[in-house]
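The structure appears below as structure tokens.
The values are calculated or read from the model by the stated rules, or taken from the named source; none is laboratory data. Because the structure is a prediction, the values reported are computed rather than measured. A quick note on method: Cβ atoms are made from the backbone with ideal geometry, for glycine too, and the neighbour counts reach across all protein chains shown.
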Amino acid sequence: MKLITVAIVEDLSEVRESIEQLITGSETFLLTGSFENAEAACEALPSLKPDLVIMDINLPGMTGIECIRNVKDQCPGTQFMMYTIFEDDEKVFEALEAGAHGYLLKKTPRETILKALLELYEGGSPMSTHIARKVINSFEKRHTVQNNPFLTPREKHVLDLLAKGFLYKEIAEKSDLSINTIKQHIHKIYEKLHVSNRTEAINKVLGK
């Protein structure tokens, strides 16, 4: 089984070391880089090209959001997970627009982090529940899924649940469908919206 490569960008040593231990103690992930500032990460990530990057926002010097903007074109296969204390709307949407694919708050339980990383690798966009609520609230204020003419009623239902942060298994259970059927619906949604992941789909329907 191929190990999923992960890099960490976090300036607080105790937080960085805690995540390092979490990753190295897993049989699914391989730690390939750990950086205390965005400048060092910007220099190393294009050659490392990890599958996933756990990225803090409030870094000394360049912010994590600026780091993503700087390296995402050089790391087209890399997905970025924000891992931060910030939960205000401005930071959330700035990070998503910069190219982040997931958004976890630092109060997230350790056991949830590995599940979220695996979901991210498999094409999802994991978010802390509170962050997912902010996304769906903004979504409802602008253009609801129900008003999108390109999606079938079933696809609108699935996208609603995706936007609320539910996992594929949970969506399948709520829809009384198999996980494979849900994945087929999600694939169709992405095709119709010309996107490649949950965050892009939500942003597309939001008109962001």
Practice task
For residue 42, indicate whether it is crowded, with 21+ Cβ neighbours inside 10 Å and part of a helix (DSSP H, G or I).
Solution key: no
Practice task
Test residue 70 against the criterion of being assigned to a helix (DSSP H, G or I), in the same structural domain as residue 114 (by TED's automatic domain parsing) and either within 18 Å of residue 123 (Cα to Cα) or more than 17 Å from the chain's Cα centre (by Cα) (or both), and give yes or no.
Solution key: yes
Practice task
Check whether at least one residue in the range 56-66 is of a type in the set (Ser, Thr, Tyr) and either in a helix (DSSP H, G or I) or on the phi > 0 side of the Ramachandran plot (or both), and report yes or no.
Solution key: no
Handout entry: residue 11 being acidic (Asp, Glu) and at pLDDT below 95
Key = no
Problem - Long-range neighbours under 7 Å by Cβ, at least six apart or interchain, first residue in the same structural domain as residue 96 (by TED's automatic domain parsing) and within 22 Å of residue 85 (Cβ to Cβ) within the range 39-62, second among the acidic types (Asp, Glu) and modelled with pLDDT of 95 or more - result: 56/10; 56/11; 59/11; 60/11; 61/39; 62/39
Practice task
Can you confirm whether the range 90-113 contains a residue that is touching a Pro at 6+ places or on another chain (Cβ under 6 Å) and not in a strand (DSSP E or B)?
Solution key: no
Fill in the blank from the handout: Inside the range 183-208, the number of residues satisfying the requirement of being more than 19 Å from residue 127 (Cα to Cα) and either within 13 Å of the chain's Cα centre (by Cα) or in a helix (DSSP H, G or I) (or both) is 8
Problem - Residue selected from the range 187-208 under the condition surrounded by 18 or more Cβ atoms within 10 Å (Cβ to Cβ) and among the β-branched types (Val, Ile, Thr), by the criterion modelled with the lowest pLDDT - result: 205
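Suppose the filter is assigned by TED's automatic domain parsing to the domain that holds residue 74, at pLDDT below 90 and either surrounded by 19 or more Cβ atoms within 10 Å (Cβ to Cβ) or assigned to a strand (DSSP E or B) (or both); does residue 162 pass it?
So residue 162 fails the test.
Just checking, does the range 96-103 include any residue being more than 27 Å from residue 184 (Cβ to Cβ) and assigned by TED's automatic domain parsing to the domain that holds residue 19?
Going residue by residue through the range 96-103, those that are more than 27 Å from residue 184 (Cβ to Cβ) are 97-98.
Right, trim to assigned by TED's automatic domain parsing to the domain that holds residue 19 and you get 97-98.
Yes: the range 96-103 contains one or more residues that are more than 27 Å from residue 184 (Cβ to Cβ) and assigned by TED's automatic domain parsing to the domain that holds residue 19.
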Problem - Criterion: over 25 Å from residue 169 (Cβ atoms) and of a type outside the set (Phe, Trp, Tyr) - qualifying residue of 48, 114 - result: 48
Problem - Index of the failed condition, residue 33 passing every other in (1) at pLDDT 95 or above; (2) farther than 30 Å from residue 204 by Cβ; (3) out of contact with any strand residue (DSSP E or B) (no Cβ under 6 Å at 6 or more places or on another chain); (4) not aromatic (Phe, Trp, Tyr) - result: (3)
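Residues to consider are 118, 104, 114; find the one that is crowded, with 18+ Cβ neighbours inside 10 Å, modelled with pLDDT of 90 or more and either of a type outside the set (Phe, Trp, Tyr) or farther than 23 Å from residue 22 by Cα (or both). Write out each step before concluding.
Working: 118 fails: crowded, with 18+ Cβ neighbours inside 10 Å; 114 fails: crowded, with 18+ Cβ neighbours inside 10 Å.
Going through 118, 104, 114 in turn, just one is crowded, with 18+ Cβ neighbours inside 10 Å, modelled with pLDDT of 90 or more and either of a type outside the set (Phe, Trp, Tyr) or farther than 23 Å from residue 22 by Cα (or both): 104.
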Practice task
Confirm whether residue 92 is assigned by TED's automatic domain parsing to the domain that holds residue 11, farther than 17 Å from residue 9 by Cβ and either buried (at least 17 other Cβ atoms within 10 Å of the Cβ) or within 10 Å of the chain's Cα centre (by Cα) (or both).
Solution key: yes
